[in-house]
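Derivation of every value follows stated rules applied to the coordinates shown; laboratory data play no part. Quantities reported herein were computed from a predicted structural model and do not represent experimental measurements. Note: ideal-geometry Cβ built from the backbone for every residue, glycine included; neighbour counts use all protein chains shown.
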Amino acid sequence: MKEFYNTVARFAAAEITEKRSRFIASVQPVTTEEEALAFLNAQRQKYWDASHNVYAYILEQNQIMRYSDDGEPGGTAGLPVLDMLKKEALTNLIVVVTRYFGGILLGTGGLVHAYSKSAKAGVEAAEKIQMILCQKLSLHCAYPMLGKLQNELSKWENIIRDEAVYTDQVELPVFLPIGESAAFQSSIIDKTNAAVKITEGPVSYHKK
């Protein structure tokens, strides 16, 4: 698994107009091809009366890249959208660009420009983010140690904290970038004289 990847934060749509043709870019983060195809089918149903529903998606899973011109001249629609995603180093997302033809031909260069511009507007609306591969760690300590432990945690810039669990002792779940996990555990054990017990959980991606 990669230590990080760039994607988008949420669904978003953006619209531009080129010579009376409307281009609507719908962008969605996805992690599987099934999710990508489900989103594509939903957009096709939503914009059933459009001239074209062009798409491109890139997935970390099996390094999949797919695109379609959906009836536009070859290489003028889906490929420019895919190229834009690759240029921005984005993955785990799908972009569907819907076109309502305005009656004026754009030509090959005009189509490439319009589809690229629309896709980029959609991506910007969806907010580019970085997902970091993190190790989940559960920190267990007695209540008198809590203040010192929290002070140590505040020194780690990239730490992500989850909700604490209070029972006969305190459990503090945290997420650390995978490359920092070992150093973090060693530091906590050293700074607390091994009064904090650390258990490792699963590895997963989290927003930076």
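Would you mind computing, in nm to one decimal, how far apart the modelled labels at Arg10 and Ala194 are, each placed 7 Å from Cα along Cα→Cβ?
Going from the Arg10 label point to the Ala194 one covers 4.8 nm.
Expressed in nm to one decimal, what extension gain is obtained for the pair Ile159 and Lys207 from 0.36 nm per residue of sequence separation less their Cα-Cα distance?
16.2 nm
Can you tell me the FRET efficiency between Ser138 and His113 if r is taken as the Cβ-Cβ distance and R0 is 41 Å, rounded to the nearest 0.05?
Efficiency, rounded to the nearest 0.05: 0.20.
Among the helices of the chain (complete DSSP H runs), which have Cα atoms covering no less than 18 Å along the helix axis and a Kyte-Doolittle mean of at least 0.0?
107-126
In terms of the Cα gyration tensor, with a ≥ b ≥ c the square roots of its eigenvalues, is the stretch 102-208 rounded because a/c is under 1.5, prolate because a/b exceeds b/c, or oblate?
The shape class here is prolate.
For a protection proxy built on the mean count of beta-carbon atoms within 10 angstrom, sort 53-62, 148-157, 38-47 highest first, please.
Ranked by mean Cβ neighbours within 10 Å, highest first: 53-62, 38-47, 148-157.
Please name whichever of Thr7, Thr199, Tyr143 sits farthest to the positive end of the charge dipole of the chain, dipole taken about the Cα centre and charges placed at Cβ: Lys and Arg +1, Asp and Glu -1.
With unit charges placed on the Cβ atoms, the residue in question is Thr7.
With N set to the number of residues, divide the alpha-carbon radius of gyration of the stretch 13-170 by 2.2 N^0.38 Å and report two decimals.
Normalised Cα radius of gyration, the stretch 13-170: 1.47.
Go ahead and run the numbers for FRET between Ser51 and Lys87, Cβ-Cβ distance against an R0 of 25 Å, rounding to 0.05.
It comes to 0.45.
About the Cα centre of the stretch 1-145, what is the dipole size in debye to 20, counting +1 per Lys and Arg Cβ and -1 per Asp and Glu Cβ, all else neutral?
Roughly 260 debye for the stretch 1-145.
Using r as the Cβ-Cβ distance of Ser186 and Ile64, and R0 as 30 Å, what FRET efficiency do you calculate, to the nearest 0.05?
0.20
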